Amino acid sequence: MRLFAWDKSFREIFFSQLISIFGGLIAGVFLAIYTDSLLLIPGMFILIPGFLEMRGNISGAFSARLSSGLFLKIVKPYEFRTKIVKGNLFASFLLAVITSFVLGLVAFVLTFLLFKVVVIKLLFIPVIAGILANAVEIPLALVATFYLFRRGHDPNNIMGPFVTSTGDVVSVLALIIALVVL
């Protein structure tokens, strides 16, 4: 009798968690390297945790909806350009942009209330970074979900940790680019 079985689901979950750990380490390294630049703007300390968390949550929900549609055969595994896929893609992107703006507004207000400093950049940094990050992360989640499903894997086992780690890396890079732009 085997006490521990390495079935397909366990392997998928185990290796996706490993990828998530390494992705988090990479994002942490980028964040550590650019901490001085990021924290020069008052309120970035308030903005960063929410911004990093948002990307994985939105892309994870997007991927889960696609995966459910694929398993229920509402979404076809070789058809990206259906109404339901386009609607989910648009909704995820719009949600990310609106949430980025609200997050910037919260950081702006808290920075003013706590430090009595007005930093207009706090309204624009998360929106620009959110657009940049979503331009990469949402299509990546779409393609990866379809690819994994077509290869016989369960995207529900893999995509959560995958989009969390790629979202962290992409979000940190997008914040750095948004700081450079502004």
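Derivation of every value follows stated rules applied to the coordinates shown; laboratory data play no part. Here the structure is a predicted model, which means the values were calculated and not measured. Positions of Cβ are generated from backbone atoms using ideal geometry, with glycine treated the same way; all protein chains shown enter the neighbour counts.
General remarks:
- In terms of the mean number of neighbouring beta-carbon atoms within 10 Å, the peptides 174-182, 126-134 order highest first as 126-134, 174-182.
- Listed values (1) 40; (2) 60; (3) 49, entry calculated as percent of Cα pairs over 22 Å apart: (3)
- For the chain, built as a Gaussian network whose Cα springs stay under 10 Å, the top-fluctuating residue of 36, 154, 168: 36
- Cα long-axis angle, helix 83-115 against the chain (0 to 90 degrees, to the nearest 10): 30 degrees
- Sequence-distant aspartates and glutamates (8 or more away, or on other chains) whose Cα lies within less than 16 Å of residue 86: 137
- Straight-distance candidates among the lysines for linking to residue 83, with alpha-carbon spacing under 28 Å and chain neighbours fewer than 8 residues away dropped: 73.
- The C-alpha atoms of the chain define a longest principal axis, and helix 121-150 lies at about 10 degrees to it.
- All other residues whose Cβ lies under 10 angstrom from that of residue 157 are scored, Lys and Arg at +1 and Asp and Glu at -1, for a net of 0.
- Between 0 and 90°, nearest 10: helix 44-71 axis offset from the chain longest Cα axis: 20 degrees
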